[in-house]
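After the structure tokens below, expect a handful of questions from me.
The values are calculated or read from the model by the stated rules, or taken from the named source; none is laboratory data. The shown structure was predicted, so the numbers you read here are calculated from the model rather than taken from an experiment. Methodologically, a virtual Cβ is constructed for each residue, glycine included, from the backbone with ideal geometry; neighbour enumeration extends over all protein chains shown.
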Amino acid sequence: MQKKQAGPERHFEPDKDDVFDPRDFTLIFIDSDSVTNVTTLNRINQRRVLIYCGNGNGLISYGKGKGEDYEQAFDNAFKHMRTNLVCLSHDINFSSPKIMEGAHNDFRIKIWPQERPNYWGNPMIWKMLLHAGFVHCRYTCKSRKREPYSMIYAFFNAVTCNMTPAEIAQQEGRKVHQVSFGNKAAVSDTQFSNHPLN
């Protein structure tokens with residue numbers, strides 16, 4: 001029987017009840033800081049960690065953890081991340097066929113479909129999109145503050161609204177090949193009215 005790792009690597013070793021192999025995911029370290037709670041008796045200091053992971057095929061997660069030291073905070077973040085897995089609607093040939101928007105507090109993000117990716121902008125958002133499997137998009141984000149928790153919440157609000165071309169065609173009564181990168185308003189309505197969904 002193989003002995004389990006003792007360090008942080010143990011979180012990437014698959015357990016017997018795991019459905020997905022942890023080694024297929026890429027881990028991104030988002031932020032770490034220290035928080036202090038002031039009570040009437042003393043001050044309580046805790047370390048805080050925020051991490052993100054994705055397998056590049058529509059499975060993503062984030063984890064946040066607190067602890068007396070960074071080791072405990074990382075452990076709690078990894079545990080939270082493993083229980084927080086989100087499966088997105090994803091088509092490898094057309095990963096983002098609709099506009100996605102998300103917001104949290106001051107942070108705003110908007111993702112547009114695009115045939116060739118344009119990841120110019122916040123490098124953290126770029127890596128998160130790439131490891132979520134979005135390769136047909138461009139994005140903008142606006143915020144007056146560099147708040148990583150607002151960024152991660154806004155990102156998840158946006159990408160969890162994604163749909164596959166088949167889902168959009170079924171919802172709007174179009175054929176799958178009519179779902180494109182172009183602006184729907186620029187195409188005449190008659191093109192869609194005479195083509196019921198097969």
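Just to verify a result, which residue in the stretch 88-121, among those that are farther than 9 Å from V135 by Cα and charged (D, E, K, R), is farthest from the chain's Cα centre (by Cα)?
My answer is D106.
Considering only residues that are modelled with pLDDT of 85 or more and more than 22 Å from E147 (Cβ to Cβ), which ones fall in the stretch 26-42?
T26 - this is the single residue of the stretch 26-42 that is modelled with pLDDT of 85 or more and more than 22 Å from E147 (Cβ to Cβ).
Hey, could you check the stretch 114-155 for residues that are among the aromatic types (F, W, Y) and free of Cβ contacts under 8 Å to residues at least 40 places away in the same chain and say which is nearest to H90 (Cα to Cα)?
My answer is F134.
Still on this structure, please answer the following. Let me confirm something: among R48, R23, which residue is among the basic types (K, R), at pLDDT below 90 and either assigned to a strand (DSSP E or B) or under 20 Å from the mean Cα position of the chain (by Cα) (or both)?
Unique residue meeting the criteria: R23.
Please name all residue pairs, on different chains or six or more residues apart, with Cβ atoms under 6 Å, provided the first residue is in the stretch 58-69 and is within 20 Å of L88 (Cβ to Cβ) and the second residue is assigned to a loop (DSSP other than H, G, I, E, B).
Qualifying pairs under 6 Å: G58/L88; G58/H90; G58/G133; S61/N84; S61/L85.
Residues that are farther than 25 Å from I51 by Cβ: find the strands (runs of 3 or more DSSP E) completely inside the stretch 87-153 holding 2 or more of those.
It comes to 107-113.
Surrounded by 20 or more Cβ atoms within 10 Å (Cβ to Cβ) and either touching a Cys at 6+ places or on another chain (Cβ under 8 Å) or farther than 16 Å from M124 by Cβ (or both) - does that describe any residue in the stretch 42-55?
no
Among what's in the stretch 156-183 and is exposed (fewer than 14 other Cβ atoms within 10 Å of the Cβ) and at pLDDT below 75, pick the residue that is nearest to F94 (Cα to Cα).
The qualifying residue nearest to F94 (Cα to Cα) is S180.
Which of the residues spanning the stretch 62-86 are closer than 20 Å to H131 by Cβ, of a type outside the set (D, E, K, R) and part of a helix (DSSP H, G or I)?
Correct list: F74, A77, F78, H80, M81.
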